[in-house]
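Everything on this sheet refers to the single structure shown next.
The values are calculated or read from the model by the stated rules, or taken from the named source; none is laboratory data. Only a predicted model underlies this, so the values are computations on that prediction, with no experimental measurement involved. Because the Cβ atoms are built from the backbone with ideal geometry, glycine has one as well, and the counts that use them run over all protein chains shown.
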Amino acid sequence: MSTAISFEGVSKTFEVKGRRVDALRDVQLEVERGTVFGLVGYSGAGKSTLLRTVNALERPTAGRVVVDGAVVSELQGAALSRARQRIGMIFQQFNLLQSRNVYRNVAYPLALAGVPKAEIVDRVEELLEFVGLTDKALSYPAQLSGGQKQRVGIARALATRPDILLSDEATSALDPQTTGEVLDLLRRANAEYGVTILLVTHEMDVIREIADRVAVMQDGQVVETGSVYDVFSAPLAATTQRFVSSVLHHVPGADALERIKRVHHGRLVQIHVENRESNDPFLSRIARRHDVDFNVVYGGVSELQSRLFGTLTVELLGDDLDVEAAIRDIREATGVSELTHA
Ligand SMILES: Nc1ncnc2c1ncn2[C@@H]1O[C@H](COP(=O)(O)OP(=O)(O)O)[C@@H](O)[C@H]1O
Ligand SMILES: [Mg+2]
């Protein structure tokens, strides 16, 4: 695999009325060609600023951004225009031209690039079919739903056959059902056209749906990066843990834990299920072997990238020695931590 985008020590400081805002601090990140890479973080973390350095809508104060071997952060004039034709972008507010119909919105970047008219006609037809809007070619943006507008945005962004697609909160204004449809479309664009997608979102669900890898940003820095499986199954940074628990309900919060301890007086353990095959009934095997009972009192297991992970909070009931032996076996099979009664 080769690198599509590399951020090399990228910093960006804005100066507003004499006040300095460090929007990006020494960001070091590589995005492999052909992948879907997610950038997640709370509002103000610096996600949009980082994304916008890729097509030089923002220039770093320090460091450089290299796209397909070209240092875009230093390009000017015609060279920059050429580089930008290789990079499409979609936005939360769609940014369609209101006075042009769907056909002419999609044709716009092709006309700008000087593509001959006959070719434009073919290409726009192909794109509208790809996004499922052939019958809306003559509609105006105001006549479309949010999901349809974003599909026009995607068709327009793909028009010049870019290598890279930048997506800044493209589904944040859409309902969950429409979000799913738009993410499916982005997945297809990645699979069928091989376009590398760098996608900014504040929603961890979006990352789970579509990304291969993810970087978590906070205060202008990347605080964690890894495969979506690794980041969801074993989040390291506190911010990442908050994002992950916002979409997975595997681990009880402090209140839930107090309730559990009031009600359940057996031995409480948290079992961290990781990298398990879904058809291995290891818990019931261990229960039978040691003659203990498992009472699952909280937790969940999820599948991601075809592998299982999760956390089960379990009350173990049985003779002390049997319970000890069972815990040893679970520990061998997977991760365990104890929740002692205080
Ligand atoms: N053009 C700008 N001028 C001044 N400050 C800006 C500008 N763009 C972004 N910022 C500031 O930089 C920080 C990061 O913003 P942004 O990249 O938009 O974050 P995010 O997309 O993660 O919400 C914020 O504090 C924001 O106010
Ligand atoms: Mg933003």
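Each row is one residue, and each column tells you yes or no for (1) within 15 Å of ligand 1 (Cβ to nearest atom); (2) not small (G, A, S).
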{"position": "R20", "(1), (2)": "yes, yes"}
{"position": "G41", "(1), (2)": "yes, no"}
{"position": "A45", "(1), (2)": "yes, no"}
{"position": "R52", "(1), (2)": "yes, yes"}
{"position": "A79", "(1), (2)": "no, no"}
{"position": "R82", "(1), (2)": "no, yes"}
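Among the numbered conditions (1) surrounded by 14 or more Cβ atoms within 10 Å (Cβ to Cβ); (2) assigned to a helix (DSSP H, G or I), tell me where I90 comes up short. Evaluating I90 over (1) surrounded by 14 or more Cβ atoms within 10 Å (Cβ to Cβ); (2) assigned to a helix (DSSP H, G or I) leaves (2) as the failure. Screening A56, A23, A45 for residues that are modelled with pLDDT of 95 or more, farther than 25 Å from E192 by Cα and assigned to a strand (DSSP E or B) leaves exactly one candidate, A23. Number of residues in segment 93-130 that are at negative phi, surrounded by 19 or more Cβ atoms within 10 Å (Cβ to Cβ) and not in a helix (DSSP H, G or I): the value is 1.
Residue by residue, here is whether (1) assigned to a helix (DSSP H, G or I); (2) touching a Ser or Thr at 6+ places or on another chain (Cβ under 8 Å); (3) buried (at least 17 other Cβ atoms within 10 Å of the Cβ) holds:
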position	(1), (2), (3)
G132	no, no, no
L138	no, no, no
A142	yes, no, no
K149	yes, no, yes
A157	yes, no, yes
T160	no, no, yes
L166	no, no, yes
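Remark: pairs (first residue in segment 181-205, in the same structural domain as N55 (by TED's automatic domain parsing) and closer than 16 Å to V152 by Cβ; second residue small (G, A, S) and more than 16 Å from ligand 2 (Cβ to nearest atom); Cβ separation under 7 Å; 6+ apart in sequence or on different chains) = E181/G147; V182/G147. If the condition is being under 17 Å from V216 (Cα atoms), in contact with a Ser or Thr (Cβ under 8 Å, 6 or more places away or on another chain) and not charged (D, E, K, R), then segment 6-35 contributes F7, V10, S11, A23, L24, V27, L29, V31, T35. Scanning segment 209-225 for any residue that is within 15 Å of the chain's Cα centre (by Cα) and part of a helix (DSSP H, G or I) turns up at least one such residue. Restricting segment 35-57 to residues that are within 11 Å of the chain's Cα centre (by Cα) and more than 13 Å from ligand 2 (Cβ to nearest atom) leaves a set whose member that is farthest from T201 (Cα to Cα) is V36. Among the residues examined, R288 does not qualify as basic (K, R), outside the structural domain of V40 (by TED's automatic domain parsing) and modelled with pLDDT under 90.
Scanning segment 273-328 for residues that are under 23 Å from the mean Cα position of the chain (by Cα) and surrounded by fewer than 20 Cβ atoms within 10 Å (Cβ to Cβ) returns E274, N275, G300, V301, S302, E303, L304, Q305, S306, R307, L308.
Select from segment 47-83 the residues that are more than 22 Å from K149 (Cα to Cα) and of a type in the set (D, E, K, R) and list them in ascending order. Correct list: K47, E58, R59, R64, D68, E74, R82. Once segment 1-20 is narrowed to residues that are among the hydrophobic types (A, V, I, L, M, F, W, C) and over 19 Å from the mean Cα position of the chain (by Cα), the residue that is modelled with the lowest pLDDT is M1.
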